[in-house]
Each structure stands twice: as structure tokens, then as C-alpha cells.
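Written out below as C-alpha cells is the structure these notes cover.
The values are calculated or read from the model by the stated rules, or taken from the named source; none is laboratory data. Small disclaimer: the values here were computed from a predicted structure and weren't measured. We place every Cβ from the backbone using ideal geometry, glycine too, and count neighbours over all the protein chains shown.
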Amino acid sequence: MHGGRPPGVAHRVAAGTSLVLTGLLFVFALVLAIGNAPLLLVAWLGMATGMFAMSFGLAATGVRRVIWQIVAAISGLIVVASLVWMALGSFWGFVAIIVTAAAIGVLGSFALRQSAPTHGDLDSVHPVLFVNPKSGGGKATEANIAAIARDRGIKVVMLERGDDLTELARQAIRDGADALGTAGGDGSLGYVAIAAIEAGIPFICIPAGTRNHFARDLGLDRADIVGALDAFQGELRSIDYATVNGRGYLNVASMGVYAETVSDPAYRDAKIATARETLRSITQSEERFDLRFVDSDGGRHPSADIIMVSVGRYHVKGNLADIGKRSRMDSGGLGVLILDAPEPVAAIEMATLSIAGAIDRYPGWFQWETTSFEVESDAPVPVGIDGETVSLEPPLRFTIHPGSLTIAVPHGTPYGPTVSPLSRNNGLRNLWSVVRGRRFD
């Protein structure tokens with residue numbers, strides 16, 4: 001296994017069973033598809049019509065927009081009805097597929113579980129925890145994190161609206177802090193983590209935000225906020241972080257549709273309505289984003305609808321529950337993801353391939369891993385960095401900093417989130433390596 005001892009007997013048995021079940025899953029799915037070909041065709045036609053309707057509806061106004069919305073709604077009902085009818089007619093087939101897929105996920109994840117490399121335990125004398133009482137709807141307040149932390153000898157700083165978190169963190173370091181933690185969401189974490197990197201001291205994440213993507217990918221139990229405080233006496237790991245034009249971040253930087261949407265002041269209070277209006281205005285203008293880049297094969301591109309540059313590679317296919325996860329935080333690479341779907345037909349093709357688990361075959365989809373990436377433009381570029389949009393002067397230069405963030409986690413924290421082998425790159429090949437008793441990358 002990567003970075004550790006060869007797999008044991010239990011891991012090898014789990015890997016072998018998972019491979020056998022994968023073969024059965026393919027057979028079950030094939031038989032189900034052949035036996036329900038007409039319903040599958042109806043479902044696909046409904047999906048295609050719905051995609052057309054939604055795409056044209058974004059650019060329409062008045063009565064036309066209402067008509068397209070009705071068509072999209074009817075198409076959705078047709079898809080749902082076809083799938084329900086298929087499930088009722090092949091009940092045990094659907095049960096077999098669901099149970100088999102779940103078993104592959106559990107057994108395969110266990111077989112590919114790795115021990116995270118550590119370098120000792122945190123020995124902090126003056127730890128400081130910044131608590132955002134508003135983050136995640138007040139999770140930290142409900143869990144009484146501040147009082148519990150103080151009882152453990154941790155200095156607590158309660159954040160208020162308008163606070164400069166970066167400066168507060170740097171001041172804490174000047175005052176003698178030798179470990180910094182944040183109880184808040186992904187947006188708050190980055191400011192304190194970068195200050196910790198600058199000072200060369202450990203960082204602690206307490207998942208008190210709404211989604212807590214960083215905490216999940218780190219392997220923390222997002223439901224156990226109080227338990228995360230054990231990291232102040234936990235083990236030390238080294239993970240990556242990235243910079244864009246010198247600004248550090250922990251998760252992802254986005255350009256294109258998402259950044260334009262988040263930059264709208266109305267987004268915070270009306271996310272869906274704002275996203276819909278942004279897409280409509282972009283569709284109506286027929287202007288492409290001025291985001292020029294070179295792909296992994298050296299091909300030059302004048303634009304893209306979405307560009308995402310993440311710390312490590314995100315899973316974008318496989319099991320639905322695994323999409324948006326990173327199985328490793330120390331891969332040493334940037335995950336670059338490009339999406340270009342300028343026309344309704346392209347959107348339908350992309351949706352079809354996505355459902356088939358083959359999104360990587362869509363010609364407007366690119367994903368690769370690299371150590372640096374550059375985006376050129378003729379004007380300042382809105383960039384969504386861990387949920388906050390800033391305007392940066394081009395060219396935008398992205399760089400990965402391998403193992404440069406020392407982070408403390410509770411003892412026994414898994415090496416990243418649970419991810420099915422069906423969602424991993426080379427997942428089945430890695431399972432075969434485990435069966436043979438060999439390490440894998």
C-alpha cells in the first residue's frame with residue numbers, strides 16, 4: 001500500500017471480494033438495461049428534452065420562459081415515471097444493483113485504506129483557537145466549543161463581524177502562539193492556516209461550518225465538533241496548499257460561471273435565483289469568458305465556462321456520494337478541471353456521459369494534475385477562492401506547495417474520506433495490487 005506496509009490478509013480478501021462484486025455489478029446492470037431498453041430510451045429522451053428546455057429557458061423572457069419551464073417540468077416527470085416503472089418491473093434487479101454497489105464501496109474502501117504518514121505528536125504550550133460563532137448556523141456556539149476549549153487550556157478568540165482574521169492570527173503568533181486552530185467554515189480556515197504556514201507552526205481544523213469540505217477530505221468526523229478539539233493533543237501530518245498570484249488557499253479556486261455567480265452581492269441571500277440570473281445573462285450576451293489556458297497536451301484554449309484549480313484532484317465520476325471528494329491531501333499536485341458546454345446540445349451530451357459514468361469522454365471536459373497552471377486574460381479575473389470571490393490581475397499563476405502545511409488531527413483520524421474504488425483513478429487496478437499483496441500509488 002502507498003507509503004506503508006504491504007496489505008494484510010483482511011485487506012486482500014476485501015479487495016478480492018470487491019473485484020468479484022464489481023464483475024457482478026456489470027452483469028446486473030447489463031441485464032437490467034437489455035430488459036428495459038424501451039424505458040431507458042424514454043428516460044433518455046425526457047432528459048434530453050429537459051436539458052434543451054432548461055438551456056433555452058435561461059435565455060428566454062416572459063411567456064417563452066414560462067413555456068420552456070413547463071416543458072422542462074413535464075420532461076422531468078417523464079424521466080421519473082420511466083425510472084419508477086422500470087424499478088417496479090425489475091424490483092429485485094434494482095435491489096441487487098444497489099446492494100452490490102454498496103458492498104463494493106464498503107469493502108473496496110476498506111481494502112484501499114492507507115495509514116497516513118505522521119511525524120510525531122503536537123506538543124503545544126500556547127495554543128490559540130479562533131471561533132466564528134455565526135458559521136454553520138452557530139454550530140460552535142451550540143456545541144459550547146469556546147468553554148470546552150478554555151477548560152483544556154486553549155486560548156479562545158471569539159470573532160466578530162469585520163475582524164481581519166489574518167491580522168488577528170499574525171498578532172496571536174507575535175504574542176507567542178505555537179499552534180493555531182479555527183472553528184468555522186472553509187472560508188475562515190484559509191486565513192488562519194496561511195498565517196500558521198508563514199510562522200511554521202501547526203494548524204488545527206474544527207469543522208464548525210456548513211459544508212466543511214476541508215475537514216471531510218482531511219478525514220475528520222464532521223459530526224463530532226467537540227471531538228475535533230482532541231487535535232490539540234493529536235498527531236502531526238504534512239499536507240499541501242496552493243497559491244494563486246501569491247494568495248494561499250486550501251480547497252479550490254474557480255473561474256467562469258461559478259465565480260461570476262458568487263461575486264453577485266445577492267448570492268448570499270438567494271443562491272438559486274442569483275445563479276439562474278447569472279446563467280441567463282451569460283446565455284443572452286453570447287459572450288465567452290476571456291480565460292485563455294494551455295491544457296495538459298499543450299493545446300491552447302481561448303475560453304471555458306468553468307475552470308477549477310484545486311489542492312489535489314477532486315473525484316468527478318463514479319459513485320454519486322464520492323463526487324467532490326479528495327481521497328488525498330498530500331498528492332503534491334494541483335487538480336485542474338475544465339468544463340466547456342456553450343450550447344444546449346453540448347450540455348445534453350455532457351449530461352448523458354455523466355449519467356453513464358463516462359464524463360471524461362466529453363470533448364469539452366478536461367481534468368489533469370500538475371504542479372503549476374496559468375490563465376491569461378485581457379482584464380481582471382473574478383476568482384472564487386474557497387467560497388469568497390476576489391478580482392485578480394492576469395496572468396493568474398497557480399502553484400502547489402507540497403507538504404508545506406503542518407496540521408494536527410486527533411489520533412486515529414482516517415487518511416482522508418471514504419471513497420469507493422469505482423470513483424478512484426485506477427481503483428480496480430489498485431484493488432488487484434492489494435489482492436496480490438503489493439503496495440499501490
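For the reader, a short list of remarks on this structure follows.
- Number of positions in segment 174-198 that are without any contact (Cβ under 8 Å) to a residue 60 or more places away in the chain and assigned to a loop (DSSP other than H, G, I, E, B): 4
- For segment 1-53, the candidate set comprises residues that are more than 27 Å from the chain's Cα centre (by Cα) and not in a helix (DSSP H, G or I); within that set, the residue that is surrounded by the fewest Cβ atoms within 10 Å (Cβ to Cβ) is R5.
- Residue match in segment 199-219 (condition: more than 25 Å from R113 (Cα to Cα), β-branched (V, I, T), part of a helix (DSSP H, G or I) and touching a residue at least 24 places away in the same chain (Cβ under 8 Å)): no
- Residues of segment 54-71 satisfying the condition of being assigned to a helix (DSSP H, G or I) and either of a type in the set (F, W, Y) or more than 19 Å from V257 (Cβ to Cβ) (or both): F56, G62, V63, R64, R65, V66, I67, W68, Q69, I70, V71
- Summed over segment 385-396, residues that are at pLDDT below 95 and either crowded, with 21+ Cβ neighbours inside 10 Å or farther than 14 Å from L291 by Cα (or both) total 6.
- Tabulated pairs, segment 392-420, first assigned to a strand (DSSP E or B), second of a type in the set (K, R) and surrounded by fewer than 19 Cβ atoms within 10 Å (Cβ to Cβ), C-beta under 8 angstrom, 6+ apart or interchain: L392/R247
- Residue identified as farther than 30 Å from N36 by Cβ and touching a Ser or Thr at 6+ places or on another chain (Cβ under 9 Å) among L107, L129: L129
- Filter result for L129 (of a type outside the set (S, T, Y), over 14 Å from I225 (Cα atoms) and crowded, with 18+ Cβ neighbours inside 10 Å): no
- Once segment 296-335 is narrowed to residues that are among the acidic types (D, E) and surrounded by 15 or more Cβ atoms within 10 Å (Cβ to Cβ), the residue that is farthest from the chain's Cα centre (by Cα) is D305.
- Residue match in segment 87-94 (condition: part of a helix (DSSP H, G or I), among the polar types (S, T, N, Q) and either in contact with a helix residue (DSSP H, G or I) (Cβ under 7 Å, 6 or more places away or on another chain) or not assigned by TED's automatic domain parsing to the domain that holds G108 (or both)): no
To keep it simple, each residue is scored yes or no on (1) part of a loop (DSSP other than H, G, I, E, B); (2) modelled with pLDDT under 95.
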| site | (1), (2) |
| --- | --- |
| A102 | no, yes |
| G105 | no, yes |
| Q114 | yes, yes |
| T118 | yes, yes |
| G136 | no, yes |
| T141 | no, yes |
| R150 | no, no |
| E160 | yes, yes |
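- Filter result for V9 (among the hydrophobic types (A, V, I, L, M, F, W, C) and closer than 29 Å to Q114 by Cα): yes
- The listed residue being in contact with a helix residue (DSSP H, G or I) (Cβ under 6 Å, 6 or more places away or on another chain) and assigned by TED's automatic domain parsing to the domain that holds S423, out of G105, G62, G50: G50
- Applying the condition of being farther than 21 Å from R313 by Cα and part of a strand (DSSP E or B) to segment 373-388 and asking which residue is farthest from the chain's Cα centre (by Cα) yields E376.
- Among the residues of segment 177-209, those that are touching a helix residue (DSSP H, G or I) at 6+ places or on another chain (Cβ under 6 Å) and more than 17 Å from L159 (Cα to Cα) comprise A199, F203.
- Residue in segment 68-75 that is in contact (Cβ under 8 Å) with a residue 40 or more places away in the chain and either in the same structural domain as V192 (by TED's automatic domain parsing) or within 30 Å of N319 (Cβ to Cβ) (or both) present: no
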